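Read-outs: derived from the displayed coordinates by stated rules, not from any lab. Remember, predicted model here, so these are calculated numbers, not experimental data. Quick reminder, even Gly has a Cβ in these numbers, built from the backbone with ideal geometry, and neighbours come from all protein chains shown.
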Amino acid sequence: MRYMLIMQAPESMAVEQAGGVPPAEVFEAMGRYNHDLVEAGVLLAAEGLTPSAEGFVVTHDGESATVTDGPFTEAKELVAGFWILEVASREEAVQWARRCPIGPGVRLEVRRVGELAEFEGVAPTEVLDAEATLRRRIAEREAERHQS
Amino acid sequence: MRFMLLLKYDEAAQAATPPDPAMFEEMGRFNTAMVDAGVLLAGEGLMPSAQGSVVAFDGEEPTVSDGPFTEAKELVGGFWILKVDSLQEAVSWARRAPFRHGERLEVRRVSEPEDFEDIAPPEVMEQEEQLRARAAEQHGQ
């Protein structure tokens, strides 16, 4: 089973701005955590997001899409980054989430990632087949990119 | 540059509407267009929050609450990660996404090692690069 840990935090807690703990220690603690995830063979992917000042929101309501530039000042907390883990159970995902070295005021949302097989009977078969083909094409392209 | 498109939606409102087969087809076409253009790096959908938990780091010990997250107005429903040349290109892909029920796509730049050059210790950055390579090998990417 795949689970996504979504880090939700007030933007003022970004490591560059947060007072108190020196950034080097924050990075070292996170590095140890990521190391443990890889040692256990459970880490599939992880990324951090840049401040919302560099982002924007596209709202889709029927006819058209409207675009609003960041920063998203009205949001109390924002997604700061994520991990995707391959684990045997929800409990295992929650255990890893509990070990994450993050400070007070941060939440980790633990969400199960959907698998194509679960949509059999819901989505048209040809759409699911096409989706599987797309995933293979992405994986092949990435493999070529890494070799070159 | 890499951008993450985060789908934000109202879970309670969505639960009332059964999935529409046409929506899967439109989503398939949107995904195909991104793969054809060579911009799609990853994309996943998340299951309802009833199958999830929240771990809050507020006191000495983290506290765990099980889903569904009924108090949340908006939840993350899924994401795409794109590799594009500019923010404008990311905006135009986000505009093309086949949604029409008030869904919002938050578009955020994904950090690159260069973003942390003067902040993170160099040895942590090097270790991070090795970890990425190991994780990719372990899972056959």
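Assorted remarks:
- Cα centroid separation - region A:61-79 against region B:80-141, whole Å: 19
- Contact order, relative form, for chain B: 41 percent (alpha carbon pairs under 8 Å, 6 or more residues apart, mean separation divided by residue count).
- Loop-resident sites, region B:1-66, for trypsin sites (Lys or Arg not before Pro), counting at most 10 other Cβ within 10 Å (DSSP): none
- A P(r) calculated from all alpha carbon pairs of region A:2-114, with 5 Å bins opening at zero, reads 2, 10, 19, 21, 17, 14, 10, 5, 2, 1 percent.
- Rounded to the nearest 500, the 222 nm mean residue ellipticity of chain A from helices alone is -11500 deg cm²/dmol, with -39,500 (n - 2.57) taken per DSSP H run of at least 4 residues.
- What the phi angles of region A:66-72 give under the Karplus curve with 6.51, -1.76 and 1.60, with θ = phi - 60°, is a coupling list of 10, 10, 10, 6, x, x, 8 Hz, glycine and proline written as x.
- Diagonalising the gyration tensor over the Cα atoms of the protein assembly as shown and scaling each eigenvalue by 5 before taking the square root yields semi-axes of 28, 22, 21 Å, largest first.
- Distance (nanometres) between label positions extended 7 Å along Cα→Cβ at A:T68 and B:V64: 3.5
- Taking only Cα atoms of region B:49-99, radius of gyration then Dmax in Å: 16.7, 45
- Kyte-Doolittle mean at least 1.6, axial Cα span of 15 Å or more - DSSP H helices of chain B: none
- In Å, descending, principal axis extents of the Cα set of region B:1-77: 49, 36, 17
- Near B:F3, once Lys and Arg are set to +1 and Asp and Glu to -1 for all other residues with Cβ below 12 Å from its Cβ, the sum equals -2.
- In nm, spacing of pseudo-spin labels at B:A22 and B:D36 (7 Å Cα→C-beta vector): 2.1
- Rounded to the nearest 20 debye, the dipole size of the protein assembly as shown about its Cα centre is 460 debye, using +1 on the Cβ of Lys and Arg and -1 on the Cβ of Asp and Glu.
- Net charge of neighbours whose Cβ lies under 10 Å from the Cβ of B:P48, counting Lys and Arg as +1 and Asp and Glu as -1: +1
- Dividing the summed -39500 (n - 2.57) terms of all DSSP H runs of n ≥ 4 by the residue count of chain B sets its mean residue ellipticity at 222 nm at -10500 deg cm²/dmol.
- Local electrostatic count, A:E47, Cβ distance below 13 Å [Lys/Arg +1, Asp/Glu -1]: +1
- Mean Kyte hydropathy of -0.5 or more with a Cα span along the axis of at least 18 Å, helices from DSSP in chain A: A:23-39
- Near the amide H of A:A45, within less than 5 Å, lie the amide hydrogens of A:I84, all on another chain or at least 5 residues away, with H placed in the peptide plane.
- When each of A:K76, B:K83 is scored by the number of other beta-carbon atoms lying within 10 Å, the sequence from fewest to most is A:K76, B:K83.
- Within the same chain, lysines fewer than 8 places from B:K83 are excluded, and of the rest, those with a Cα less than 24 Å from its Cα are B:K8.
- Based on C-alpha pairs under 8 angstrom that are at least 6 apart in sequence, chain A has a relative contact order of 38 percent.
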